[in-house]
Structure formats: structure tokens, C-alpha cells
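Enquirer: The structure is given below, and queries will be raised subsequently.
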Amino acid sequence: MKIARTSRAAAAALALGVAAAGFASVPEAQAQQGFSGKSAGDIMVRARIIGAIPDEDATTSIGGNVSVSNDWVPEVDFTYFVTDNIALELIAATTRHDVSHSAAGSLGKVSLLPPTLTLQYHFMPKERFSPYLGAGVNYTFFYKEDAPGGAITSIDYKNSFGWALQGGVDVALTGNWYANVDVKKIFLSTDVSINGGAVTADVDLDPWIVGFGVGYKF
């Protein structure tokens with residue numbers, strides 16, 4: 001399941017990248033109109049649609065496998081350019097997931113709020129097609145932990161830190177508007193307690209975050 005989901009994430013990222021590249025073939029006259037590229041002191045605000053695709057693995061006190069559903073949600077992010085090439089990005093979004101166990105069945109639902117701060121290097125900041133790479137830190141809040149009822153009356157997820165890697169591209173459209181494709185890999189684990197600790201699990205979520213949208217540079 002991990003391999004299949006990872007392959008789907010990679011395929012989605014490739015397809016989005018090809019689509020974004022298409023924006024780069026704008027006529028030269030239009031390319032120069034109102035275009036200045038990225039510069040130190042700029043702030044870029046983006047609105048994306050992101051897919052949170054867990055690449056989960058778990059060790060539980062009762063054995064078996066844990067499965068976590070995907071979710072697609074809107075996201076807002078803010079990027080500040082420290083220099084022409086170096087920037088800081090902070091994302092804000094929340095996702096909700098169904099969780100199940102191969103033997104116990106449904107483990108209910110949980111929401112995640114995963115603010116992620118990355119330090120980015122933007123290649124070719126003065127060009128219309130400007131890819132970037134980033135790395136940073138994530139802190140995930142787990143909330144609205146809804147147990148399914150029946151034999152499972154309570155479930156608790158521990159908030160935790162994780163590391164993040166990132167790759168993406170901004171493609172200048174017109175004026176200060178950009179198209180954006182972005183892929184992140186977050187290395188995230190959590191300790192899960194069911195029925196007050198009667199059942200425990202160490203879950204590696206390690207989601208892919210695949211996003212596409214538009215941004216405006218101030």
C-alpha cells in the first residue's frame with residue numbers, strides 16, 4: 001500500500017509539473033510586460049489545493065496494519081524573500097482523515113493542523129520559470145479525535161515535530177501573478193492511545209503533500 005500511494009503521489013507531482021511548464025511558453029512580448037522576478041524583501045501569498053497522502057506504517061500492541069485516508073483541502077502559504085534566492089515559507093492548512101485497523105476495523109477520524117516552516121533556495125529568481133528546493137520543520141496538532149464507538153470509546157494522538165523536504169516551481173503569468181506547483185515530504189510520527197492506553201500504537205504517517213495553485217507577489 002505504501003508503494004502504491006507513493007507512486008500515485010509521484011505521478012500526480014509529475015503531471016502537475018508538466019502542466020505548470022506549459023505556462024512558461026508565453027510569448028516574449030507578454031513575458032516582459034510588468035515582470036520583474038523575485039527580489040529580496042518580496043512577500044508572496046499563495047492559495048493552493050493540496051492533497052495530503054499518508055505513507056503510513058504502524059507498530060501496534062495488537063499487531064495488524066493501520067490505514068489512513070487521503071484528503072484534499074484548500075491551503076494558504078506565505079513566503080518572504082530574505083535575498084533574491086533565499087526565502088522562508090510558512091503554510092497553513094488543516095486536513096481530516098479516516099483511520100482504520102486491519103483487524104479492529106474503524107478507528108474513527110482525526111483532524112491535523114500541520115504548520116510547516118521551510119527554508120527555500122530559488123533557482124533563477126529573475127526568470128519566469130523559477131524552481132526551488134526547501135527543507136524545514138513541521139509541528140502537527142491532532143484534534144477532533146472522534147472514536148467510532150462500540151468497543152473503542154476513546155482515542156488520543158500525541159502532537160509531534162517532524163522534518164520536511166520540499167520541491168516546487170513558480171511560473172510567472174502576468175504582472176505579479178504566478179502559477180505554482182509544490183510537493184512536500186513530511187517525516188511525521190505520532191503515539192496513539194486507545195481506550196486510555198489499553199491499546200497503543202506508534203504510527204509513522206510520513207505524508208506526501210502535493211499542491212497546485214496561484215500566488216501574488218507584493
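Enquirer: Quick test of your reading of the structure: residue 124 fulfils all but one of (1) free of Cβ contacts under 8 Å to residues at least 60 places away in the same chain; (2) open to solvent by less than 70 Å² (accessible area, probe 1.4 Å); (3) not in a strand (DSSP E or B). Name the failing condition by number.
Expert: Looking at each condition in turn, residue 124 falls short on (2).
Enquirer: Also: Being of a type in the set (S, T, N, Q), in contact with a Phe, Trp or Tyr (Cβ under 6 Å, 6 or more places away or on another chain) and either in contact (Cβ under 8 Å) with a residue 12 or more places away in the chain or outside any loop (DSSP other than H, G, I, E, B) (or both): is that true of residue 106 here?
Expert: Here the answer is no, as residue 106 does not meet what is asked.
Enquirer: Residue by residue through region 174-187, note down the ones that are at pLDDT 95 or above and either more than 21 Å from residue 120 (Cα to Cα) or among the aliphatic types (A, V, I, L, M) (or both).
Expert: Of everything in region 174-187, those that are at pLDDT 95 or above and either more than 21 Å from residue 120 (Cα to Cα) or among the aliphatic types (A, V, I, L, M) (or both) turn out to be 179, 181, 183, 186.
Enquirer: Moving on. Just the residues that are in a loop (DSSP other than H, G, I, E, B), closer than 30 Å to residue 194 by Cβ and open to solvent by less than 60 Å² (accessible area, probe 1.4 Å), please, taken from region 62-93.
Expert: Within region 62-93, 63, 64, 69, 93 qualify.
Enquirer: Out of region 48-59, which residues are surrounded by fewer than 17 Cβ atoms within 10 Å (Cβ to Cβ) and under 13 Å from the mean Cα position of the chain (by Cα)?
Expert: 49
Enquirer: Is it fair to say residue 210 is open to solvent by 50 Å² or more (accessible area, probe 1.4 Å), touching a residue at least 40 places away in the same chain (Cβ under 8 Å) and among the hydrophobic types (A, V, I, L, M, F, W, C)?
Expert: For residue 210, the condition - open to solvent by 50 Å² or more (accessible area, probe 1.4 Å), touching a residue at least 40 places away in the same chain (Cβ under 8 Å) and among the hydrophobic types (A, V, I, L, M, F, W, C) - is not met.
The values are calculated or read from the model by the stated rules, or taken from the named source; none is laboratory data. Only a predicted model underlies this, so the values are computations on that prediction, with no experimental measurement involved. Glycine also receives a Cβ, built like all others from the backbone with ideal geometry; neighbour counts cover every protein chain displayed. In case anyone asks, the SASA skips ligands and DNA or RNA and just uses the protein heavy atoms, side chains included. Shrake-Rupley method; radii C 1.70, N 1.55, O 1.52, S 1.80 Å.
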